[in-house]
Amino acid sequence: MMTPEKEQRLAAEMRLIARQYCDGAFNKIEYRRRRQDILLQCVDQDLSAIPDEPVELLDKAPVANKAPPTAVNWLPYMMVGVTVVVLGVMGFLLTSMM
């Protein structure tokens with residue numbers, strides 16, 4: 001159970017190891033190991049004791065769920081069209097100046 005005192009103590013430990021890591025006291029792997037130890041103390045359970053979820057074999061053929069296309073997003077097409085028009089006008093104005 002997380003109590004306010006335990007939360008403050010673990011937060012101070014987390015800040016301490018973060019400072020030590022930034023100062024170069026240890027490498028990333030050691031930092032991650034220490035941080036995981038502190039996080040395990042927060043939840044009060046060992047994550048290695050949790051069984052892995054069963055992995056289903058992929059022997060079945062994949063089922064194709066092809067739904068009919070819904071609405072098309074026209075915004076990108078409009079932006080490209082506007083860009084082409086603006087470039088055309090700019091090109092026309094540049095050639096008319098010469």
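The values are calculated or read from the model by the stated rules, or taken from the named source; none is laboratory data. Being a predicted model, the structure only gives us computed values, none of them experimental. Virtual Cβ from ideal backbone geometry, glycine too; neighbours counted across all protein chains shown.
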Q.
Within the range 29-55, take every residue that is at pLDDT 90 or above and charged (D, E, K, R) and give me the one that is farthest from ARG9 (Cα to Cα).
A. GLU30
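From the residues in the range 1-31 that are among the polar types (S, T, N, Q) and under 27 Å from the mean Cα position of the chain (by Cα), which one is surrounded by the fewest Cβ atoms within 10 Å (Cβ to Cβ)?
Only one residue tops the list, namely ASN27.
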Q) All but one of (1) modelled with pLDDT under 60; (2) part of a helix (DSSP H, G or I) hold for ASP59; which doesn't? A) (2)
